[in-house]
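So the structure is just underneath, and the comments pick up after that.
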């Protein structure tokens with residue numbers, strides 16, 4: 001039962017991350033895309049919440065082997081990493097203040113951690 005819940009949570013997280021990415025691309029470096037919210041709200045709802053859900057899905061099933069869940073968690077982490085790169089690329093030559101650079105670094109770090117958790121889940125499932 002925990003495994004099913006974790007997989008559903010992971011799929012929801014991946015869908016939310018994809019919506020977030022599409023909205024950022026639609027905004028094309030601007031303030032708003034197709035979602036009627038500002039950058040901060042969009043990041044909080046469609047960035048932080050899926051990240052937390054992916055981490056939760058790993059820890060509620062930490063003793064249950066599941067290669068599928070590991071792949072889903074890894075995909076979520078990869079989406080965060082790639083999404084950070086896309087946002088940076090869309091901003092292009094716009095000046096980044098030190099706070100913005102730290103925020104992107106933190107998001108990139110969270111994506112890497114989530115991807116590592118997914119890899120750990122896959123490796124534990126193989127043994």
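For the stretch 65-75, the criterion of a residue being outside any helix (DSSP H, G or I), within 16 Å of residue 114 (Cβ to Cβ) and either at pLDDT 85 or above or in contact with a helix residue (DSSP H, G or I) (Cβ under 6 Å, 6 or more places away or on another chain) (or both) is satisfied by at least one position.
When each of 54, 35, 3 is tested for being at pLDDT 95 or above, over 18 Å from residue 104 (Cβ atoms) and touching a helix residue (DSSP H, G or I) at 6+ places or on another chain (Cβ under 9 Å), the lone residue that passes is 54. Screening residue 115 against (1) more than 25 Å from residue 1 (Cα to Cα); (2) modelled with pLDDT of 90 or more leaves a single unmet condition, (1).
Any residue at all in the stretch 42-56 that is surrounded by 15 or more Cβ atoms within 10 Å (Cβ to Cβ) and over 27 Å from residue 121 (Cβ atoms)? There is at least one residue in the stretch 42-56 that is surrounded by 15 or more Cβ atoms within 10 Å (Cβ to Cβ) and over 27 Å from residue 121 (Cβ atoms).
Out of all the residues in the stretch 16-32, which are farther than 18 Å from residue 107 by Cα and loosely packed, with under 15 Cβ neighbours inside 10 Å?
Taking the stretch 16-32 and keeping what is farther than 18 Å from residue 107 by Cα, we get 26-28, 30-32.
Across the stretch 16-32, the qualifying residues are 26, 28, 30, 31, 32.
The values are calculated or read from the model by the stated rules, or taken from the named source; none is laboratory data. Treat the numbers as computed from the prediction; the structure is a model and nothing was measured. Heads up, the Cβs are rebuilt from the backbone with ideal geometry, glycines too, and the neighbour counts pull from every protein chain shown.
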